[in-house]
Amino acid sequence: MRSLPIGVFDSGMGGISVLREMKKLMPQEDYIYYGDSKNIPYGKKTKEELIDICSQIGDYFIKRGVKAIVIACNTATSAAVEEFRNTYSIPIIGVEPALKPAVEKYKGGKIIVLATEVTLREEKFHNLMEKYIEQAEIVKIPAPKLVTLAEKGLIYGEEAEKEIKELFKDINIDEISSIVLGCTHYVFFKNSMKKVLGNHITLIDGGIGTAQHLKNILSERDWLKDCNKEGKIEIINSSNDQSMIELSYRLLNSI
């Protein structure tokens, strides 16, 4: 199992931000990244549709031979992580909005959770929010257009900044203590958010925690590669558009 790659997938480019953290933490590992741009946006689909789409990707990884699957998408995790764990015998790692670390650092003001509509309405997130609702003022904001912009590589510049301003137009920026980036696509907009909103706001994403969790699980099973050679990254995209794959590699090096 040590020599097998790790499978990572998302609805498009977003999971590249999680892959980046895994690569930094476990550079010797091999990775297969599956960007499902053909079926984006996941946030507009039903749970049943998502389970079907994600299961096809999961089956693809099993056929390829992987030692773990990382669902690097909050929306897909909410819909399909239990299905995966009931179906596949290898470790399945999901992601969720990093609300816990935001609350742990809370010193007053508003915690903003940016996420897709599906993530925000799923029971999984509702239960997570219920844990902390009395400890902090938590505000949910759906941000589907940021996903679209990330898929086009428009993570800087006028269009990105305009959308960020639009998202926060009804909120006093001075009252925000932190922003939870509850979709892996949003991590690419950190610099643009700081430019628009200021450096006083803490931006929190779960990529580092996800990477550490995966490493811990593989270490417990003694499945980590035991070599000093840098691993390979293979990027696949369901759209069969070569430009999407090229953009994925650029984003991998942009964070």
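The values are calculated or read from the model by the stated rules, or taken from the named source; none is laboratory data. What you see is a predicted model, and the numbers here were worked out from it, not measured in a lab. Methodologically, a virtual Cβ is constructed for each residue, glycine included, from the backbone with ideal geometry; neighbour enumeration extends over all protein chains shown. When the accessible area is computed, the model is the full protein with side chains, heavy atoms only, and any ligands, DNA or RNA have been set aside. Shrake-Rupley method; radii C 1.70, N 1.55, O 1.52, S 1.80 Å.
Data for the structure
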{"item": "Lone qualifier among Lys131, Lys105 - being without any contact (Cβ under 8 Å) to a residue 40 or more places away in the chain and more than 16 Å from the chain's Cα centre (by Cα)", "result": "Lys131"}
{"item": "Members of segment 1-21 that are open to solvent by less than 30 Å² (accessible area, probe 1.4 Å) and farther than 18 Å from Gly182 by Cα", "result": "Pro5, Ile6, Gly7"}
{"item": "Some residue of segment 47-54 being modelled with pLDDT of 95 or more and crowded, with 24+ Cβ neighbours inside 10 Å", "result": "yes"}
{"item": "Enumeration of residues in segment 89-120 that are part of a loop (DSSP other than H, G, I, E, B) and open to solvent by 80 Å² or more (accessible area, probe 1.4 Å)", "result": "Ser89, Glu96, Lys105, Lys107"}
{"item": "Ile69 vs. criteria in contact with a Lys or Arg (Cβ under 9 Å, 6 or more places away or on another chain) and either open to solvent by less than 10 Å² (accessible area, probe 1.4 Å) or closer than 16 Å to His213 by Cα (or both)", "result": "no"}
{"item": "Subset of segment 227-255 that is in a loop (DSSP other than H, G, I, E, B) and open to solvent by less than 50 Å² (accessible area, probe 1.4 Å) - its residue that is nearest to Leu154 (Cα to Cα)", "result": "Ser254"}
